[in-house]
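The values are calculated or read from the model by the stated rules, or taken from the named source; none is laboratory data. Since the structure is predicted, the reported quantities are computational estimates derived from the model, not experimental observations. Cβ coordinates were reconstructed from backbone atoms using ideal geometry, including for glycine residues, and neighbour counts include every protein chain displayed.
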Amino acid sequence: MFRPKSNNETSVLSNAAVAKLKNAMAFESAGKFESALMLIQEALTLQENYVDAWLLNGVILGKLGKCNEALKCYEKVIELEPNYTEAWYLKGALYSTLKSHDKAAECFSKAIELDPRNTEIHLNLAASLQKQQKFEDALKCYENILKQKPDNPQIHYLKGITLGNKGDYEKALNSFDQALKQKPDFTNALIGKGVVFAKLGRNDESKQCAEKALETKTKSDKEKPTENKSVNDVIRLQYEAAQKKLKETYSPNP
């Protein structure tokens with residue numbers, strides 16, 4: 001008959017799995033994804049319900065573009081640990097990549113329940129709602145974030161974009177002005193304001209905004225990091241943010 005493992009055996013098994021996950025993290029950091037995946041599978045062979053191994057497996061598969069396989073990993077994490085915020089967050093990010101914005105919004109909403117002060121999750125939820133043209137719901141998200149960070153120009157800018165998409169142009173102008181009050185050289189806010197002026201037929205003011213945006217752009221090669229990123233860049237940053245916990249726990253260096 002098979003006997004249950006002793007406490008010492010369980011400890012050894014866990015330590016062996018942890019060691020493999022630490023090495024997998026090192027390979028992942030070096031961009032050696034296939035080697036990292038092999039070590040993760042070895043860790044899961046030793047410890048089938050190893051939550052962090054499943055999470056890292058999903059992160060790497062997502063980076064490789066294997067979204068459906070990554071989703072299964074996050075679902076496994078949630079099955080094992082339903083309140084794992086990062087798993088809900090990453091699952092939502094993958095659904096966004098797959099353009100399943102309704103499912104993404106559900107995941108981000110759950111992540112917000114678990115971590116209500118996380119600005120990035122709120123922003124992702126708002127973006128998913130806007131993709132569904134649920135502008136009022138997206139605006140509520142921005143209002144909730146502004147209660148926490150009233151002086152954040154990026155949030156005022158995004159609120160302005162949503163109001164513009166909704167056709168509420170005067171309020172959109174006010175949001176862009178709020179963003180520019182906090183950050184006068186905010187090129188994207190100037191461009192957004194110019195577009196709204198054009199929609200209102202205020203062409204001289206639109207031209208002034210365009211000229212000002214060009215002037216500020218020549219003075220600075222960079223905008224605020226979250227302003228001009230492609231979708232892939234945003235997803236990559238989401239992965240990096242979610243990996244922070246894993247890197248802190250499983251860093252290969254003592």
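A few remarks follow.
- Residue check, A127 at pLDDT 95 or above and either touching a Pro at 6+ places or on another chain (Cβ under 9 Å) or under 22 Å from A87 (Cβ atoms) (or both): no
- Among the residues listed as Y169, Y157, the single one being surrounded by fewer than 19 Cβ atoms within 10 Å (Cβ to Cβ) and under 30 Å from A213 (Cα atoms): Y169
- When the test is whether a residue is polar (S, T, N, Q), closer than 26 Å to T187 by Cβ and in contact with a helix residue (DSSP H, G or I) (Cβ under 7 Å, 6 or more places away or on another chain), S128 passes it.
- Selection from segment 80-136 of residues that are among the small types (G, A, S) and either buried (at least 22 other Cβ atoms within 10 Å of the Cβ) or part of a helix (DSSP H, G or I) (or both): A87, G92, A93, S96, A104, A105, S109, A111, A126, A127, S128
- Any chance N144 is under 19 Å from G92 (Cβ atoms), in contact with a Phe, Trp or Tyr (Cβ under 6 Å, 6 or more places away or on another chain), assigned to a helix (DSSP H, G or I) and not hydroxyl-bearing (S, T, Y): no
- Filter result for E69 (in a loop (DSSP other than H, G, I, E, B), closer than 19 Å to L80 by Cα, at pLDDT 90 or above and acidic (D, E)): no
- Selection count where residues are modelled with pLDDT of 90 or more and surrounded by 16 or more Cβ atoms within 10 Å (Cβ to Cβ), scope segment 23-41: 8
- Residue list for segment 99-108, filter: in contact (Cβ under 8 Å) with a residue 12 or more places away in the chain and in contact with a helix residue (DSSP H, G or I) (Cβ under 6 Å, 6 or more places away or on another chain): H101, A104, A105, C107, F108
- Test for K147: is it among the charged types (D, E, K, R), out of contact with any Gly (no Cβ under 9 Å at 6 or more places or on another chain) and over 20 Å from G192 (Cβ atoms): yes
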